[in-house]
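The values are calculated or read from the model by the stated rules, or taken from the named source; none is laboratory data. This is a predicted model, so every value here is computed, not measured. Neighbour counts are summed over all protein chains in view; Cβ atoms, including those assigned to glycine, are modelled from backbone coordinates with ideal geometry. Side chains included, ligands, DNA and RNA excluded: accessible areas come from the protein's heavy atoms. Shrake-Rupley method; radii C 1.70, N 1.55, O 1.52, S 1.80 Å.
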Amino acid sequence: MAMPDRNYLVSVFQKVDKDRSGAIDARELQSALSNGNWTPFNPETVRLMIGMFDKKGTGTISFEEFGSLWKYVTDWQQCFRSFDQDNSGSISKPELKTAVTAFGYR
């Protein structure tokens, strides 16, 4: 999936960066994310996401790192949607079997 327009990403980044520090911390990222049912992401999951993209080891993500995180999340969303054939928002047993097979497992 292609990256969205840079101006769009800048506007999203600025909305998430509540304290205007120029970096997003775990608290800000958690408040910006939801699980599709409007429940917050697990704090440990958010910290892991920050850790995956925090190349400078600051405990926060810069705009450039945010762009990488955005692409990662949207790629996984696209993957999920490709196997959620009935668009239920959940992967059923038959859909999971299709996904596992597509990933090369039996």
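Going by the conditions given, is D75 within 23 Å of D5 (Cα to Cα) and either open to solvent by 30 Å² or more (accessible area, probe 1.4 Å) or outside any helix (DSSP H, G or I) (or both)?
yes
Go through region 41-72 residue by residue and tally those that are aromatic (F, W, Y) and not in a helix (DSSP H, G or I). Residues meeting the conditions: 1. Would you be able to say whether some residue in region 53-67 is over 21 Å from V10 (Cα atoms) and of a type in the set (A, V, I, L, M)? Within region 53-67, none of the residues are over 21 Å from V10 (Cα atoms) and of a type in the set (A, V, I, L, M). Counting the residues of region 45-54 that are of a type in the set (D, E, K, R) and either at pLDDT 95 or above or touching a strand residue (DSSP E or B) at 6+ places or on another chain (Cβ under 7 Å) (or both) gives 1. If you go through region 78-93, how many residues are open to solvent by less than 90 Å² (accessible area, probe 1.4 Å) and either assigned to a loop (DSSP other than H, G, I, E, B) or more than 30 Å from N7 (Cβ to Cβ) (or both)? Within region 78-93, residues that are open to solvent by less than 90 Å² (accessible area, probe 1.4 Å) and either assigned to a loop (DSSP other than H, G, I, E, B) or more than 30 Å from N7 (Cβ to Cβ) (or both) number 7.
How about region 1-32: which of its residues are among the basic types (K, R) and in a loop (DSSP other than H, G, I, E, B)? K18, R20 - these are the residues of region 1-32 that are among the basic types (K, R) and in a loop (DSSP other than H, G, I, E, B).
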